[in-house]
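Notes to accompany the following structure.
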Amino acid sequence: MGLIAFLKEKFSKKNNPTDEKYNKGLEKSRHNFANKLASLAKSYKEVNLEYFESLEEILIEADVGVNLTLKIIDEVLEESKANKIKDPTLINELLVDKMFMNYATSGDDIHNEIEFVDSGPTVLMISGVNGVGKTTTIAKLAYRYINKGKKVMLVAGDTFRAGAVEQLKIWADRLNCPIVVGQTNADPASVAFEGAQAAKKQNIDLLIVDTAGRLQTKQNLMSELSKIARVLNKEIVGAPHESFLVIDATTGQNGVSQARQFLDATPLTGIVITKMDGTSKGGIILEIRDELHLPVRFIGLGEGMSDLEEFDLDKYLYGLCLGDKYETDN
């Protein structure tokens, strides 16, 4: 069974709210991507070089990235020639297969949920430039794990951005979640240190540490993030155990560029994609994985507190490539 057939069978029934979130959240991207694939297939009885050139354009316009696009097209072209596949519909199905395989094999084993340490606080450090939805993402992650029965504490380490601390305090109040804050313009590492101490004393399960995102002062940012990590590790062995970068899906290629710079500054264990429901270029997830070899751990599919979902490759590809198209076809 090919991947398309597998996804159609797996998600054909509307019985899972999360499946519906993916379907709805990727609607704009699907209309930009899947509709173009379907329209292209209808325009050709048999594929030719021009068809593959059009496939390239569709992938690049979806923010899959030039390098990954060329790689996928070469793989599709090679396999189609080897197996004498000329049917445009089968070519498009082969394309989705290659998209899946490239994500699945472009890095370490895929896992999403935070892996908690056996004893003491598990520390999650959050990075991201201003405006990507970092503060809201922290709140949504806190909400997620509070609902899983974990004791969560926040650390307001973005001490230089106007309003960042206050915004996080508002979320902490709403979630009835403890928070550690410092003075305005305080050294973020010192605030992280206080947070680590408080987390140990209060038997916190998950400590989420916010950080600044001032890429315009890249060298300062790199030094700052490294210092925060060192301070956390001195107080809690192995910390930070997880380090997520938040990227706004609507920024497209700029998001990939941001990720490269943050990866230079600090080791990352995963990406959180926000505002996926607001972009028509959902291919950015594939490029991030290919370029940075990092998994997307969570994906924002709406504005609600419960709309931050674990990233699921099957649901993503179904939402991007099929979605409601096959529900109406069946």
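Readers should treat all values here as calculations from the given coordinates under stated rules, not as data from a laboratory. Note that the structure is a prediction, hence the values are computed from the model and not measured. Neighbour counts are summed over all protein chains in view; Cβ atoms, including those assigned to glycine, are modelled from backbone coordinates with ideal geometry.
Just how large is the dipole of the chain about the Cα centre, in debye to the nearest 20, putting +1 at every Lys and Arg Cβ and -1 at every Asp and Glu Cβ?
That gives the chain a dipole magnitude of about 820 debye.
Nearest 10 degrees is fine. How inclined is helix 49-61 to the longest principal axis of the chain, computing both from alpha carbons?
Rounded to the nearest ten degrees, it is 20.
Relative contact order for the chain using alpha-carbon pairs under 8 Å, separation at least 6, rounded to a whole percent?
Value for the chain: 27 percent.
Please report, in debye to the nearest 20, how large the charge dipole of region 155-267 is about its Cα centre when each Lys and Arg carries +1 at its beta carbon and each Asp and Glu carries -1 there.
180 debye
List every residue whose amide H lies under 5 Å from the amide H of VAL296, counting only residues 5 or more places away in sequence or on a different chain, with H placed 1.01 Å from N in the peptide plane.
It is ILE271, by chain and number.
Can you tell me the orientation of helix 88-105 relative to the chain, as the angle in degrees between its alpha-carbon axis and the longest Cα principal axis, to the nearest 10?
Approximately 30 degrees, to the nearest 10.
Specify which residue in the list GLY302, GLY163, ASN220 is farthest towards the positive end of the charge dipole of the chain, using unit charges on the beta carbon of Lys, Arg (+1) and Asp, Glu (-1), about the Cα centre.
Selected residue: GLY163.
Which one, VAL47, ALA34, THR18, projects farthest toward the positive side of the charge dipole computed for region 1-80 from Cβ point charges (K/R +1, D/E -1)?
THR18
Quick one: divide the alpha-carbon radius of gyration of region 102-236 by 2.2 N^0.38 Å and tell me what you get.
1.04
Of the DSSP beta bridges with both residues in the chain, give the percent that are antiparallel, rounding to the nearest 5.
Here the share of antiparallel DSSP bridges comes out near 10 percent.
Give the lysines whose C-alpha is closer than 30 Å to that of LYS86, dropping any in the same chain fewer than 8 places away, or say none.
LYS8, LYS10, LYS28, LYS36, LYS42, LYS45, LYS71, LYS98, LYS281, LYS315, LYS325
Compute the relative contact order of region 254-317 as a whole-number percentage, counting only Cα pairs closer than 8 Å that sit 6 or more residues apart in sequence.
Relative CO of region 254-317 lands at 31 percent.
Quick one: which of 180-193, 233-246 comes out on top by average Cβ neighbours within 10 Å, and what's the full order, highest first?
The packing order, highest mean first, is 233-246, 180-193.
Of MET276, LEU7, THR136, which is farthest on the positive side of the dipole of the chain, counting Cα position, with +1 on Lys and Arg Cβ, -1 on Asp and Glu Cβ, and the Cα centre as origin?
Of MET276, LEU7, THR136, it is THR136.
For region 65-109, which trypsin sites (Lys or Arg not before Pro) pass both filters: DSSP loop (anything but H, G, I, E, B) and at most 16 other C-beta atoms within 10 Å?
Hits after loop and neighbour filter: LYS84, LYS86.
So who's got an amide H within less than 5 Å of the one on VAL123, skipping anything under 5 residues away but keeping other chains? H placed 1.01 Å off N, in plane.
Close amide H contacts, sequence-distant or interchain: LEU207, HIS241, GLU242.
Let me know the Rg and Dmax you get for the chain when you use only its Cα atoms, in Å.
Rg then Dmax for the chain, in Å: 21.3, 69.
Would you mind computing, in nm to one decimal, how far apart the modelled labels at GLU20 and LYS201 are, each placed 7 Å from Cα along Cα→Cβ?
Simple spin-label model gives 4.6 nm for this pair.
Placing unit charges on C-beta atoms (Lys and Arg positive, Asp and Glu negative, everything else neutral), compute the dipole magnitude of region 1-155 about its Cα centre in debye, rounded to 20.
Charge dipole of region 1-155: 940 debye, to the nearest 20.
Apply 1/(1 + (r/R0)^6) to the Cβ-Cβ distance of ASP87 and GLU303, taking R0 = 35 Å, and write down the FRET efficiency to the nearest 0.05.
According to the calculation, E is roughly 0.25.
Using the beta-carbon distance between VAL237 and GLU57 and R0 = 51 Å, what value does 1/(1 + (r/R0)^6) give for FRET efficiency, to the nearest 0.05?
Efficiency for this residue pair is about 0.50.
Any idea how far the Cα center of region 118-149 sits from the one of region 14-35, in Å?
25 Å
Can you give the calculated 222 nm mean residue ellipticity of the chain, where each DSSP H run of n ≥ 4 adds -39,500 (n - 2.57) and the sum is split over every residue, rounded to the nearest 500 deg cm²/dmol?
After summing the helix terms and dividing by residue count, I get -17000 deg cm²/dmol.
Counting other Cβ atoms within 10 Å of each Cβ, which trypsin sites (Lys or Arg not before Pro) in region 1-61 have at most 15 and sit in a DSSP loop?
Passing both the DSSP loop test and the Cβ count: LYS13, LYS14, LYS45.
Pull out the extension gain between ARG230 and ALA5, defined as 0.36 nm times the separation in residues minus the alpha carbon to alpha carbon distance; nm, one decimal.
Extra length from ARG230 to ALA5 when fully extended: 76.1 nm.
Once label points are set 7 Å from the Cα along Cα→Cβ at both GLU310 and LYS150, what is their separation, rounded to one decimal in nm?
1.3 nm
Loop only per DSSP, at most 16 neighbouring Cβ atoms within 10 Å: give me the chymotrypsin sites (Phe, Trp or Tyr not before Pro) in region 2-48, ordered by residue number.
Loop-located and lightly packed - TYR44.
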